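Read through the structure below, which is laid out as structure tokens, and then see the notes.
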Amino acid sequence: MSAGARTMNPLLKPAILGLALLLAACRGDPVHYHTLVPAQPASADVRTVDVRIEFLSVPPQVDRAQLVVRQGDSGLVVLESEWWGSTLVDEVRSALSGLLNSNAAQVTGLRLEVQRFDSVPGQYALLEARWRLRAISHDNAGPPLRCHSVIRSTAGASLPELVAAQQRNLAQLAGVIARTAAAGRVSCAALAP
């Protein structure tokens, strides 16, 4: 072996070892993706009003790609390996659009401000929202109707069960919004028992 080949060996070993350590450090838990859009489409009931989302907001502390759960009375935990399919605001928009959109001639606009989106594994999922409906497509415009809904569902300990509880909350909210729109926006509909 030549003298030059022997001097390369001691320099190459630390570089290879460093690269191996770097690659091992980059290895993390696999990322799991979740969605608020239910696997089964909404029932095929005939909607008399097409509700279109004009504006939607969610609390900034939970509007991210990773799931955020409550811990204790005041803590929030960002679950780095548990992600939404998109940001939370887009997940909520997709789920509600699938539940509210129809081909009805009467079109109503929805402005929705989610004020709380709490997820507590093994306990509950809570959705609190202020929302407003206004006529878009018909002559009976009238003033917009403002409503407030608080929906709480029991949630299992696993993350899929927690996501399913939030899916149920969104389905209940969509039902209240659809019933309110169909009744002519006279008063806010009650939550279904």
Would you check which residues across region 37-48 are modelled with pLDDT of 85 or more and either within 20 Å of Ala129 (Cβ to Cβ) or assigned to a strand (DSSP E or B) (or both) and list them? Val37, Pro38
Checking the condition part of a helix (DSSP H, G or I), modelled with pLDDT of 90 or more and open to solvent by less than 60 Å² (accessible area, probe 1.4 Å), which residue from Ile151, Ile177 passes? Ile177
So which residues in region 60-102 are assigned to a loop (DSSP other than H, G, I, E, B) and among the β-branched types (Val, Ile, Thr), if there are any at all? Val62, Thr87
Collect the residues in region 98-148 that are among the charged types (D, E, K, R) and either open to solvent by less than 30 Å² (accessible area, probe 1.4 Å) or more than 18 Å from Ala178 (Cβ to Cβ) (or both), keeping them in residue-number order. Glu113, Arg116, Asp118, Glu128, Asp139
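The values are calculated or read from the model by the stated rules, or taken from the named source; none is laboratory data. Source: prediction; values computed, not measured. Don't worry about glycine lacking a Cβ; one is built from the backbone with ideal geometry, like all the others, and counts go over all protein chains shown. Please note that ligands, DNA and RNA were not included when accessible areas were found on the heavy atoms of the full protein model with its side chains. Shrake-Rupley method; radii C 1.70, N 1.55, O 1.52, S 1.80 Å.
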